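The values are calculated or read from the model by the stated rules, or taken from the named source; none is laboratory data. Worth saying up front: this structure is predicted, and the values here are computed from it rather than measured. Ideal geometry is used to build each Cβ from the backbone, glycine not excepted, and the neighbour counts take in all protein chains shown.
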Amino acid sequence: MSTDPMSTAQAPPGSEAPAAAPGGAFGQPAAGVPVTAPVAAQMSAIPTPGSGIPMPLAVAPPIPGVPALPAQARPGLSPDPEWFRTAVFYEALLRSFADSDGDGVGDLRGLISRLDYLAWLGVDCVWIPPFYPSPVRDGGYDISDYTAIDPRYGTMEDFRELVHQAHQRGIRIIIDMVVNHTSDAHPWFQASRSDPEGPYGDFYVWADDDSGYDDARIIFVDTEESNWAYDVERGQFYWHRFFSHQPDLNYRNPAVIEAIHDVIRFWARTGVDGFRLDAIPYLTESEGTNCENLAGTHEIIAGIRQMLDREFPGTITLAEANQWPEDVVEYFGTEEAPECTMCFHFPVMPRIFYALRQGSAEAIRWVLEKTPDIPAHGQWGTFLRNHDELTLEMVTDAERDQMYAWYAPEERMRANIGIRRRLAPLLDASRAEVELAYALLLSLPGSPCLYYGDEIGMGENIWLEDRDAVRTPMQWDDSPNMGFSSVVDPGALTLPLIQAPGYAHLTVATEMARPDSLLHFTRRILHLRRAHPVLGRGNFLLRPTSDDAVLAHTRCDEAPVEGAETLLCVSNLSATPRSVTIEVPELAGRGTTDLFGGCAFPPVDDRGRLTLTLGARGYYWLSVDRTEPDDAPQGDHDNHPTERKSDAKRTDLHRTAARHRAGTLPAQRPGPVDLAHQCRDPRCAGTVDAPTALVPAQGGRRTAPGLPARDRNLGAGGGGARPRHRRPTGQPGRDRSPRRHGAAARAGGPGSRRGARLLRHPR
């Protein structure tokens, strides 16, 4: 990395290089787009077709840890401009994923060598956290050079090869773009502190005292005492919303906006498919406010979107805005002035974990009812875990205390206002709970994002500092260093390997060798979701149930959609079996089929009710027949508070059902099922769990013939023996109709019926 403070920084306005010829080729500036000189010089070094610079064509040679896989198809990218709606994202932490050169640090070539594995797993898009030069005091989110690659991870040629090889396999790439702050080692900041009157003097927020913006909350409460830090060299305070070594950029300065646009242009020209915009609610400041979600911030995000739509159409943006849904929805913008393509839905994640321990679906139901509609161009992003802590900012104080008691009984398990633990240890390695969590993640509204290693149930190391507890090397096989690296000295690894009993032996290789493993389950459910795009694009509607422990919802395509279908998803959050009646009036008389086992289930009765028995932590994804009797009762779906519309016409499920009855959608029965795989997707190859086929029995009970002798839930609704008792079908259940927004709903969370008040974390 250069020591010249201006070597990688954008030049002051007015030093633009000439624009490329009209219709600029890939990797070259579009006509009329200004490019500052230093950035233009770096872009010229990017190998592109016709550039005269040799392009690497060969994938890195095989290295230890690559699992034995059947030959993988290379379909190339889908032309679907809305691919993100049905995509499964996968976060691969570069430094901890795969090391190709034996220095103990994961790198780009290592990730290239694992692309076939990700394609086999069923991943559609890889999200790569920062790989830029950095002091790495905050996991690389403290960037010291926006337009370079840390040499530890590889070269620009390696990055271009990664994008190329991923696209060949039908996998897209999105990268992190940290737009709120830089490292204090960035040349911009060094120039700003040393030359206040220079071109970079106003790139950051400076003040003579630390009294400004005192209504803004401190985000890292366990490490920072103030949002201001004093710089001895400049003799002033600078503003920072995160760590004190991460000064915030000053977006009141137009030169900062243009510099960030140039950085995004630089990476967009490499062919990436999108950007995760880190920490975007805090871009601007204003006295008398909490300095979050301000109008100026939205103007900046809208400007980035306009630039991308104009110069790099089809490039998506994913907002990281850890806020309440009513605030986050603003980051989608409007149809006339769009902002982000996707936004993470943060509050739903802790409530999945809360519901699992509470044994009730109320927490999930409540947050979904509170989630507002989003514009037709937008999509939620969802996750169970990622590289950060499991945030508890958006739960009540009582719920937070309860979550700490359940999931973080040791102080070292906590960080900031959250829990720094991985998925499997959080759930005590319970296979049933992990499966149920995945079934929820993949069927609720939004596009899911998996965290590397969770597909094999990787463990954690709570004795590492900060959030490194969940950032340890990927475990590929039983060779030295678990196949992650060939480095001789284990002390040279980026982080220590997991040694905890029950987790140290878990590897991709061992999981692939076991047909009943979590890895094979994860692959099967990802491919099943891919085979049913309605789970990503369809309307969402919560359904009343007779039991609080059971969450039921439908996903329904709007006509005309090729292969339109309706799925009924049912999840039992309780640790005991439950019999439940679900209200689906517009589906009266229609048959159902379990997607996991391929078996026919009883039809919805003529009153629009379906009674099911679920095992402990059991779940079903039921495909609803595409035809129904002409005299089926009509359901009321207009203006339902939890239905997600997909276009401006806001067509509802009732209209879709009418099209089925009119014959405008073809009546189709599910095709044959490969019982060895439990998946109709022809791309699903390899050996996976033998099915636990649930077959109808007298009296409506289900049996599970041929259950393997192992203590685990199988995919078909959790498997296991079904209880012989059930609530009489004629017995009225509690009204679980979704509540509309109102004062009572806004005032309380899952326990609002008992008068609990929702307390937002101070901002």
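Tallying residues that are touching a helix residue (DSSP H, G or I) at 6+ places or on another chain (Cβ under 6 Å) and farther than 30 Å from residue 66 by Cα within the range 513-540 yields 3.
Does residue 324 qualify as being aromatic (Phe, Trp, Tyr) and modelled with pLDDT under 95? First the steps, then the outcome.
Values: aromatic (Phe, Trp, Tyr): yes; modelled with pLDDT under 95: yes.
The answer is yes for residue 324.
Pairs meeting the criteria (first residue in the range 160-177 and in a strand (DSSP E or B), second residue among the basic types (Lys, Arg) and at pLDDT 95 or above, beta carbons under 9 Å, at least 6 apart or on different chains) are 174/276; 175/276; 176/276; 177/276.
Please enumerate the residues belonging to the range 238-269 that are among the polar types (S, T, N, Q) and buried (at least 22 other Cβ atoms within 10 Å of the Cβ).
Just the residues of the range 238-269 that are among the polar types (S, T, N, Q), to begin with: 244, 246, 250, 253.
Correct list: 246 only.
Take the conditions (1) touching a residue at least 40 places away in the same chain (Cβ under 8 Å); (2) crowded, with 23+ Cβ neighbours inside 10 Å; (3) out of contact with any strand residue (DSSP E or B) (no Cβ under 6 Å at 6 or more places or on another chain); residue 329 misses just one of them, which is (2). Would it be correct to say that residue 421 is assigned to a helix (DSSP H, G or I) and of a type in the set (Lys, Arg)? So residue 421 does not fit the description; no. Would it be correct to say that residue 375 is in contact with a strand residue (DSSP E or B) (Cβ under 9 Å, 6 or more places away or on another chain) and more than 16 Å from residue 573 (Cα to Cα)? So residue 375 passes the test.
Checked against the criterion of being in contact with a Cys (Cβ under 8 Å, 6 or more places away or on another chain) and of a type in the set (Val, Ile, Thr), the candidates 566, 576 yield just one match: 566. Of the candidates 408, 361, the single residue that is crowded, with 21+ Cβ neighbours inside 10 Å and within 28 Å of residue 545 (Cα to Cα) is 361. Taking the range 540-645 and the strands (runs of 3 or more DSSP E) fully enclosed by it, the elements with 1 or more residues that are modelled with pLDDT of 95 or more, buried (at least 20 other Cβ atoms within 10 Å of the Cβ) and aromatic (Phe, Trp, Tyr) are at 619-624. Looking only at residues of the range 270-313 that are charged (D, E, K, R) and part of a loop (DSSP other than H, G, I, E, B), we find that the one that is surrounded by the fewest Cβ atoms within 10 Å (Cβ to Cβ) is 287. Among the residues of the range 454-499, those identified as surrounded by 22 or more Cβ atoms within 10 Å (Cβ to Cβ) and either among the charged types (D, E, K, R) or not in a loop (DSSP other than H, G, I, E, B) (or both) are 454, 455, 456, 460, 469, 470, 471, 481, 482, 483. Take residue 182 and tell me if it is touching a Gly at 6+ places or on another chain (Cβ under 9 Å) and β-branched (Val, Ile, Thr). Spelling it out, it is not the case that residue 182 is touching a Gly at 6+ places or on another chain (Cβ under 9 Å) and β-branched (Val, Ile, Thr). On the stretch given as the range 82-103, residues that are part of a helix (DSSP H, G or I) and farther than 29 Å from residue 374 by Cβ total 4.
Pairs are defined by a Cβ separation below 7 Å, a sequence spacing of at least 6 or placement on different chains, a first member in the range 496-511 that is under 15 Å from residue 470 (Cβ atoms), and a second member that is buried (at least 21 other Cβ atoms within 10 Å of the Cβ) and of a type in the set (A, V, I, L, M); the pairs so defined are 497/482; 498/458; 503/458; 506/456; 506/458.
Out of everything in the range 273-298 that is over 16 Å from the mean Cα position of the chain (by Cα) and acidic (Asp, Glu), what residue ends up being farthest from residue 326 (Cα to Cα)? Give the steps one after another, and end with the answer.
Just the residues of the range 273-298 that are over 16 Å from the mean Cα position of the chain (by Cα), to begin with: 280-298.
Cutting the leftovers down to acidic (Asp, Glu) gives us 285, 287, 292.
Numbers: 285: 20, 287: 22, 292: 13 Å.
So, considering only residues that are over 16 Å from the mean Cα position of the chain (by Cα) and acidic (Asp, Glu), the one farthest from residue 326 (Cα to Cα) is 287.
Whenever a residue of the range 127-148 is free of Cβ contacts under 8 Å to residues at least 40 places away in the same chain, its partners that are in a loop (DSSP other than H, G, I, E, B) and of a type in the set (Asp, Glu), lying with C-beta atoms within less than 7 angstrom and at least six residues away or across chains, give the pairs 132/145; 132/150. The set of residues in the range 314-324 that are farther than 19 Å from residue 388 by Cα and surrounded by 20 or more Cβ atoms within 10 Å (Cβ to Cβ) comprises 315, 316, 317.
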